Structure formats: structure tokens, C-alpha cells
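Here is the structure we will look at, set down as C-alpha cells.
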Amino acid sequence: MIQGFKEFILRGNVIDLAVAVVIGAAFTAVVNAIVSAIINPLVEIFYVPDENGQLGPSITGLYGQTVTFPLGTLITAVISFFAVALVVYFVFVFPMNRWKARAAARVGVVENADEPSLPTEQELLVQIRDLLERQPRA
């Protein structure tokens with residue numbers, strides 16, 4: 001049981017995932033700081049924050065209340081997601097894939113090699129015809 005757990009942990013995928021989660025969480029704070037320092041002020045050029053500090057267009061509701069669509073929160077979330085995904089890909093996934101490909105090349109295994117293509121229908125029919133021609137007639 002311990003050996004199976006050890007193999008599971010040392011497989012590589014789990015360690016890669018753990019590192020990506022930790023770095024992604026740490027990088028999220030950096031991205032949020034950049035968005036709040038740069039992107040939100042740019043949005044404030046077009047929209048004035050309401051009394052709750054939310055950025056976005058305000059509309060008067062049916063009962064006279066002001067409703068603000070939090071556009072700043074949405075922009076922050078989208079930019080944060082793409083920035084974290086971009087960093088995780090270029091810092092972890094891309095180098096790991098290149099490392100695995102180089103390791104496989106050293107061993108002599110070619111990854112992602114195109115499988116031999118299947119013959120077309122016409123090629124199969126030609127092969128059947130040739131086999132039938134070679135058979136002795138009864």
C-alpha cells in the first residue's frame with residue numbers, strides 16, 4: 001500500500017499539478033494587484049464607482065433604487081484568469097512538455113508520432129482485387 005502511494009506521488013503528474021496550484025495561487029495576488037492598480041483606474045475613466053466602490057454602468061431600478069452592474073469585478077476576474085493561465089502554461093506546462101520530449105528522444109521513443117495511416121477505400125479494393133486474382137480458379 002505504501003509502495004503504491006509512493007509510485008502515485010512520484011509519477012510526475014501529481015507533483016506538476018501541486019506546483020502549478022501553489023504558484024498559480026501566489027501569482028493570483030500579483031495579478032490582482034496589477035489589475036487593481038492599472039485596469040480598474042482605466043475602467044474608472046468611463047464609469048464612476050458607486051457608494052459600494054463597484055465599477056460599472058448604473059441603472060435605476062423599478063422601485064427607484066440604483067443598480068450597478070459590477071463591470072470592474074468581471075474584468076478583474078477575466079484578466080486574472082488569463083494571466084494566471086498564461087503564466088502556468090509558459091512556466092510549467094510548456095517546459096515540462098519539452099523536457100518530456102527530450103527525455104523520450106534520448107531513450108529513443110518518439111512521442112506524438114503519427115500513427116500509420118489507414119489505407120483508403122480504393123487501396124483496400126485494389127488489394128482485394130489483387131488477392132482474388134492470385135487465387136486459383138476452381
Arrange Leu71, Leu42, Leu132, Leu62 by Cβ neighbour counts within 10 Å, fewest through most, would you? Leu62, Leu132, Leu42, Leu71
Once you place label points 7 Å from the Cα toward the Cβ at Lys6 and Gln122, how far apart are they in nm? 5.9
What is the distance, in nm, between label points placed 7 Å from the Cα along the Cα-to-Cβ direction at Thr28 and at Asn13? 2.3
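FYI, it's all coordinate maths here, none of it is from the lab. A quick note: this is a predicted structure, and the numbers were derived from the prediction, not measured. Every residue, glycine as well, gets a Cβ built from its backbone with ideal geometry; the counts of neighbours run over all protein chains shown.
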